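These notes concern the structure reproduced below.
No value in this document is a laboratory result; all are computed from the given coordinates. The structure presented is a predicted model; accordingly, all values stated were derived computationally and were not measured. Note: ideal-geometry Cβ built from the backbone for every residue, glycine included; neighbour counts use all protein chains shown.
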Amino acid sequence: MHNITLIKGDGIGPEISDAVLKIIDAAGVNINWDIQTAGADVIEIEGVPLPQRVIDSVKKNKVALKSPVTTPIGKGFRSVNVQLRKELDLYSNLRPCYNLPNVKTRYDGVDIVVVRENTEDLYAGIERQVDDDTAESIKRITRFASERIAKFAFDYAVNNGRKFVTVVTKANICKLSDGLFLDSARKVAQNYDIPLKEILVDNCCMQLVQNPNQFDVLLLPNLYGDIVSDLCAGLIGGLGVAQGANIGKDYAVFEPVHGSAPDIAGQNKANPTAMLMSAIEMLNYIEEKDAGYRIKSALFKTLENDIKTADIGGTTSCTDFTDSIISRL
Ligand code: NAI
């Protein structure tokens, strides 16, 4: 029996969480889910969007599965997701990105792994209103955080048979901050046989759109990592299929790349694939590899049979898609 925290989130969060739990249960994995809530609804009752009980639960269980939590735009509370990653020091955001069967995309053979630094950069939340018409955000980059994420990217490359790592910055403009990130990657690279390539983020976006197959592992600071992850999701069929994981020294939180998708929430239209793929990685992480393999095969067979949600060109509802996967387990 595994004890795992489940953060159900909001928007489409509850729908895709229910789908994924049903599939994992059907695969016969024994998990005692510690269900936790966070976000706007929680503020009204507990006064804060991310109560200490959520952090304590992940600390106790060491592993969590999380669906998205809405962050108010341009006002209101700070992102629960960013706070959680900082509180638990989940310094690496790992987002493998590859084509799924029968999901129509512009390119075949995409196989990119995005490694995003998860704790600093503009996400450190150091902002101030200088006067009514001026605001500032501090982009904070440290050698410590840059070297450990570079080390994570290279270790991942070594352990997963990847050929090279490309560090993505804007070090021609942000000479000090991105310059430090780049310098740290260069230093770390000296300890590995795998080559380090370098590219500026604007050119990287253009190259990804024109020829994604030239890339292998991408190493990025927080903000570029966030943006480029969504670009990469677009290469493989959209956010509905893009998986992710936040990994630190002591804890791991598995969650899809996408947000709470308020435009389709409560309509039984959400694609649970991104959350399911994240959960499969979680199963591998807790050494339930056989169940992970069986679920992935059932998902792929479902897609091959043209059973797909609307975001990837189908007409199947979230619940019917879920049941189709379960019937193929
Ligand atoms: P979003 O990722 O929620 O949605 C972007 C578009 O992709 C929408 O058209 C949506 O319908 C579609 N989409 C996303 N996931 C889908 C799925 N599973 N199935 C089918 N279609 C899907 O991004 P948006 O609208 O910018 O953000 C909404 C909220 O989510 C914001 O409050 C944002 O801060 C939050 N957010 C939370 C994240 C997290 O909890 N880790 C990550 C990203 C955003």
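You can think of it this way: the chain between F144 and A40 has 34.1 nm of extra reach, that is 0.36 nm per residue less the Cα-Cα gap. Once Rh for segment 194-262 is found with the Kirkwood sum over Cα pairs, what is the Stokes-Einstein diffusion coefficient at 20 °C and 1.002 mPa s, in µm²/s? Diffusion coefficient, whole number: 159 µm²/s.
Its DSSP H runs of at least 4 residues, each contributing -39,500 (n - 2.57), put the calculated 222 nm mean residue ellipticity of the chain at -12500 deg cm²/dmol, to the nearest 500. Normalising the Debye intensity of segment 47-186 to I(0), with uniform scatterers on Cα atoms only, and taking log10 at q = 0.11, 0.15 Å⁻¹ returns -0.58, -1.01. Averaging the Cα positions of each part gives two centres, and for segment 71-107 and segment 285-329 these lie 21 Å apart. For the Cα trace of the chain, dividing Rg by the Kirkwood Rh returns an Rg/Rh value of 0.96. Restricting the calculation to Cα atoms, segment 196-329 shows an Rg/Rh of 0.99 when the hydrodynamic-style radius is the Kirkwood one.
By the count of other C-beta atoms within 10 Å, a proxy for reagent exposure, S327, S146 are ordered fewest to most as S327, S146.
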